[in-house]
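Inspection log for the structure reproduced underneath, given as structure tokens.
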Amino acid sequence: MKPNTCPACGSDKVVKNGVKPDGKQNHLCKDCRRQFIIREKKPKE
Ligand SMILES: [Zn+2]
């Protein structure tokens with residue numbers, strides 16, 4: 001599986017950009033500078 005990728009441009013130059021008050025991890029693409037939330041995978045039981 002690939003690491004986090006930008007949903008806008010597909011770049012993998014994605015960095016964490018803080019956490020929203022609701023606990024969602026915010027990310028920033030260093031290529032297109034868009035911010036987005038990546039849904040964390042649920043761990044397998
Ligand atoms: Zn991007």
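Here, each number is a calculation from the coordinates, and none is a lab measurement. Note that the structure is a prediction, hence the values are computed from the model and not measured. Note: ideal-geometry Cβ built from the backbone for every residue, glycine included; neighbour counts use all protein chains shown.
The table for this structure:
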item: Amide H contacts of residue 26 (H built 1.01 Å from N, under 5 Å, at least 5 apart or other chain); result: 17, 18, 19, 20
item: Extension gain from residue 19 to residue 37, taking 0.36 nm per residue of separation minus the Cα-Cα distance; result: 5.5 nm
item: Per-peptide average of other Cβ atoms within 10 Å, ordering 25-32, 7-14 highest first; result: 25-32, 7-14
item: Per-residue HN-Hα couplings for segment 16-24 [Karplus 6.51, -1.76, 1.60; θ = phi - 60°; Hz; x = Gly/Pro]; result: 5, 9, x, 10, 5, x, 8, x, 7
item: Fully extended contour minus Cα-Cα distance, from residue 44 to residue 28, at 0.36 nm per residue; result: 3.1 nm
item: Where Cα atoms sit under 12 Å apart: lysine pairs in the chain separated by 8 or more or lying on different chains; result: 4
